[in-house]
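The values are calculated or read from the model by the stated rules, or taken from the named source; none is laboratory data. Since the structure is predicted, the reported quantities are computational estimates derived from the model, not experimental observations. Every residue, glycine among them, receives a Cβ derived from its backbone with ideal geometry; neighbour counts consider all protein chains shown.
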Amino acid sequence: MRKNLFIFFLIFISINVYSANINVEELKIVADGYFLTTNNTKFQMNTYFKFITSFDGGYKFAARVAFETSTKQLETNFITNQFGLGNVYLFFKDAEVRIKNLANDHLDLSFWTGTHKYLGYGNKYKGYMYYPFSNDLDYAGFYRMRGTGISAEMKFWEDKFRGSFHIYQNTNFIALDPNALNYFSFDTEVGLYFKNISLEFFGGYTKEFIYPNDDASSDMKFGRGKVGASLWVGNEYIDFFTSFGIPDIDTKIESTNFNHFYLLGELHFKLFIVDNTITFITKPNLYNELPKSKRLENYDFDLNYKLHVVKESFPLSGGFVFNLKYSMQNTNNYSINLSPFLSVLISGVIWELHVNYDFGKIATGNYADGLRIVLGATTRF
């Protein structure tokens, strides 16, 4: 008992010495209900939870940690096993410790683990609301940096020029092989960032270094490269973002074609009180090292349009989302979604209600399968 109190006292003193500010960046809870008659079940429920907190130690030090979970039939599992034996409800997402403003304010160093960031990140069409069936398929950017690594960010010209260098153990391969812990990546980002335009180039190389792959038939015998770029231009009324590249440069590429190319284009503009977002995304055969055949949703591209009627200082808003997903290999594999939604802002909490229907399910004869009802609550502190 005394030992525990002593440890608590040290932690308390450390916090007061460094005067760290603890911030909750995001807290989100989403209840997703849908019918699934193909499995002889009338109704299923999925609860998604996301929590991100950060610790800011001021001029020289910062840290963050994030947790999230998305567990099918969470409520049923908890009732049958309320002590959580054999079940995990909260999943670690990422953590980072950053030392800031070294070398005359030109250098930041960070040590991180988990999902650190995405290369080519910046679009609005991402996350659980659009991809509710897997956290690994949220298409938040060109390539997910996940594992454990060290990053260095250099800043010059009043932070208008930045270059980042990342060395990390790449755990994206675990989705195919739980023992795939032997891959290491070296990624680089270089960009110019101005008020109304930013341009970024990124690339990297991945290889099994400790126990090299000597299989001549393997696609990764000589490693795997990636290269891409992103561009943002706009102002407070209209902006355009694009990210594109090839994430799987290895021995199997004989020609650059649609299956190897990642492309995202997003146009966002405001007309009076109407906020519009049009997004087009192509999905390469390999995304975050996971082939298309292993994904839960197997489409080649998405077309998405969101109309949101928002009046400043008015708590109630709404609109609809139209989404088309299509497979070029299998023309019968498509999804046409229409989702009216209502959003209410109360005391810093955003409540959203979506009623989504997939008209592509009509062709299968299981009409109830196309219905999803989503209730979410999000707050930012």
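Would you confirm whether or not segment 246-268 contains a residue that is under 26 Å from PHE184 (Cβ atoms), in a helix (DSSP H, G or I) and touching a strand residue (DSSP E or B) at 6+ places or on another chain (Cβ under 8 Å)? Yes, segment 246-268 has at least one match.
Taking the residues in segment 274-323 that are in contact with a strand residue (DSSP E or B) (Cβ under 9 Å, 6 or more places away or on another chain) and of a type in the set (Gly, Ala, Ser) as candidates, determine which candidate is farthest from TYR334 (Cα to Cα). Result: SER317.
Please determine, by comparing only the residues of segment 161-200 that are in a strand (DSSP E or B) and among the polar types (S, T, N, Q), which one is nearest to ARG224 (Cα to Cα). Full working, then the answer.
Start the filter on segment 161-200 by keeping residues that are in a strand (DSSP E or B), which leaves 161-170, 183-193, 197-200.
Retained after the next criterion (residues that are among the polar types (S, T, N, Q)): 164, 169-170, 185, 188, 198.
Details: SER164: 20, GLN169: 14, ASN170: 12, SER185: 9, THR188: 14, SER198: 27 Å.
Top of the filtered list is SER185.
Scoring GLY265 on the criteria (1) modelled with pLDDT of 95 or more; (2) touching a Pro at 6+ places or on another chain (Cβ under 7 Å) leaves a single failure, condition (2).
Sub-9 Å Cβ pairs linking a first residue in segment 210-222 that is β-branched (Val, Ile, Thr) to a second residue that is in a loop (DSSP other than H, G, I, E, B) and modelled with pLDDT of 70 or more, at least 6 apart or interchain, are ILE210/ASN182, ordered by first then second residue.
Within segment 282-307, residues that are under 18 Å from PHE261 (Cβ atoms) and touching a residue at least 24 places away in the same chain (Cβ under 8 Å) sit with their Cβ atoms under 8 Å from residues that are of a type in the set (Asp, Glu) and part of a strand (DSSP E or B), at 6+ positions apart or across chains, in these pairs: LYS283/ASP302; PRO284/ASP248; ASN285/ASP248; LEU286/ASP248.
Considering only residues in segment 279-320 that are at pLDDT below 95 and among the β-branched types (Val, Ile, Thr), the one that is surrounded by the most Cβ atoms within 10 Å (Cβ to Cβ) turns out to be ILE281.
Within segment 72-86, not a single residue is hydrophobic (A, V, I, L, M, F, W, C), in a strand (DSSP E or B), within 23 Å of ASN356 (Cα to Cα) and modelled with pLDDT under 80.
Residues LYS207, LYS155: which one is of a type in the set (D, E, K, R), in a strand (DSSP E or B) and either in contact with a strand residue (DSSP E or B) (Cβ under 6 Å, 6 or more places away or on another chain) or closer than 24 Å to ALA63 by Cα (or both)?
Working: LYS207 fails: either in contact with a strand residue (DSSP E or B) (Cβ under 6 Å, 6 or more places away or on another chain) or closer than 24 Å to ALA63 by Cα (or both).
Residue meeting the stated conditions: LYS155.
Annotation: of all residues in segment 342-365 being in contact with a helix residue (DSSP H, G or I) (Cβ under 7 Å, 6 or more places away or on another chain) and among the aromatic types (Phe, Trp, Tyr), the one that is surrounded by the fewest Cβ atoms within 10 Å (Cβ to Cβ) is PHE359. The residue list PHE202, PHE161, PHE173 contains one member that is surrounded by 15 or more Cβ atoms within 10 Å (Cβ to Cβ), under 30 Å from ILE278 (Cα atoms) and either modelled with pLDDT under 95 or not basic (Lys, Arg) (or both), which is PHE202. Flag: SER313 does not match the condition of being hydroxyl-bearing (Ser, Thr, Tyr) and in a strand (DSSP E or B). The residue that is surrounded by the fewest Cβ atoms within 10 Å (Cβ to Cβ), among those in segment 210-227 that are part of a loop (DSSP other than H, G, I, E, B) and modelled with pLDDT of 80 or more, is PHE222. So is GLU236 part of a loop (DSSP other than H, G, I, E, B) and within 19 Å of LYS124 (Cβ to Cβ) or not? Yes: the conditions hold for GLU236.
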